[in-house]
Structure formats: C-alpha cells, structure tokens
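Structure record follows, encoded as structure tokens.
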Amino acid sequence: MLVFDSSTVILLAMIELLDIFLNDFSGEVVLSKGVFQECTVKSTFDSLWIKRRVHFANSCIEYRNIVIG
C-alpha cells in the first residue's frame, strides 16, 4: 500500500504520469479524504483529471480513505 500526499498526486497529474504510474503499480494507492479534497478543490486540468481517475479507478471508492487500486 502506498499513501500519497496532495503534492505528489497533483504533480503526477500535471506531468501526465498519474495514469501511467497507477497502471504500472501493482499495489493500492491510498488518498485520505483531506488529500482528495485538496487535490480537487480547484477546477484546473489536473484536479479534474484526479477526480476522474479516482471515481473510475476500478470502481473502488471509499469516502474515509479514497482507494485507487
């Protein structure tokens, strides 16, 4: 299991490596609810991409901890 902070998730989305990383990483990536909110509070490309990726990540969403995996 890998736990990300918001800076890491935003940076991966901005440089268009978030999907590549998530597709290649075999474990679970966990974002806390606070990190998810911080990553998606703005209406920028990267925040919309993160929101889309979380909501469609293998249909696995928990709202205490958002699990991408």
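The values are calculated or read from the model by the stated rules, or taken from the named source; none is laboratory data. If you're wondering where the values come from, they're calculated on a predicted model, not measured in any experiment. What goes into the accessible areas is simple: the full protein's heavy atoms, side chains included, and nothing from ligands, DNA or RNA. Shrake-Rupley method; radii C 1.70, N 1.55, O 1.52, S 1.80 Å.
Quick notes
- Gyration tensor verdict on the range 5-44 (Cα atoms; rounded if a/c is under 1.5, prolate if a/b is larger than b/c, oblate otherwise): oblate
- Expressed as a whole percent, the accessible surface of the range 1-56 that belongs to carbon and sulfur atoms is 59, based on a 1.4 Å probe.
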